[in-house]
Amino acid sequence: MQSMRQSIAEQPPVERPSANRVLDLIEVLASARRSLTVVEIAEALGVSRPQAHRIVAGLERSGVLARHPRSRRVIFGSRLARAVLRIGSMSSLQPIWHPVLRGVVEQVGETCNLIMFPRATPTYFDRVEANWPLSIRLQAGSEVPLHCTAGGKLYLANLPTRERELLLEHLPMPPCTANTIVGRDGLRRDLQQAAADGFATDREEFIQGMIAVAVPIRSGRGVFLGALGMHAPGARHGPDGLRAFLPTLRAGADGLAAILEHDAQPDRAAFQIP
């Protein structure tokens, strides 16, 4: 019993950081657009390494942060990811980005999604449904697979090679339809093509009868922020029919990037928004 008490007493206390410190850490991790080591976090926050370890440990316990299962680097936790989605759905930004998304839908005539990737999971952050009797409806907040969706493949294609290979090594690839790519070499070839083209496609790989295309939303410095996706019944367009809408989707992605970066107001007239 005495040795147990001594062991507990020797454990370093968990740091209870201030709200400002938590926000500073979240901003550092978000700005990096990659996982960070505790040493990198300490340097960015201007604190000692032991203090950074205590802060990270406390936020890990609360689910705000997590560790990458292989590298043990610091990433966002599931609790924070869920909160971001809830906040985003009520954010004062939504009236700004939502009309841009709606304007794209009015031009292309098909459902479009703003896709983000919390915990490396394609998630419909916002969406606008097309007014068609024949349509496939997925709700905002829906999580979809990486390996067989246009947004998921676009995300993988934009990862640094080492991170992509680590993810692919353990990525579940269940067959969702007869068209799903279930071999890692085949998926790698598809990702190489997506990187070269600047967009990714889903040819009835996720849902039978549904095709999709996704284009990147990039910052002014070229950082991948998310994706703008469009999906439609294959019977309406054919396997490659959505390519004709790429110019409109790319213009919409530029408008969304301006909003997400707070750099400029988008030109709403370009999207025929009243």
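Just so it is clear, none of the values below were taken in a lab; they were calculated from the coordinates. On a predicted model such as this, the values are computed, not experimentally measured, just so you know. Every residue, glycine as well, gets a Cβ built from its backbone with ideal geometry; the counts of neighbours run over all protein chains shown.
Multiplying each eigenvalue of the alpha-carbon gyration tensor of region 138-204 by 5 and taking the square root yields semi-axes of 17, 14, 13 Å, largest first, rounded to whole angstroms. Relative to the current alpha-carbon distance between Glu129 and Arg236, full extension at 0.36 nm per residue lengthens the span by 37.0 nm. Taking the Cα-to-Cβ direction at Ala244 and at Phe224 and moving 7 Å from each Cα, how far apart do the two end points lie in nm? Result for the modelled spin labels: 2.9 nm. Using the Cβ-Cβ distance between Thr161 and Arg119 with R0 = 22 Å, the FRET efficiency computed as 1/(1 + (r/R0)^6) comes to roughly 0.60. Can you tell me how region 88-271 classifies by the Cα gyration tensor, rounded, prolate or oblate, using a/c under 1.5 as the rounded cut? Oblate, because a/c is 1.5 or more while a/b does not exceed b/c. Volume per residue for region 183-232 equals 85 cubic angstrom (convex hull of Cα atoms). Computed from label points 7 Å out along Cα-Cβ, the spacing between Ala19 and Arg61 is 2.2 nm.
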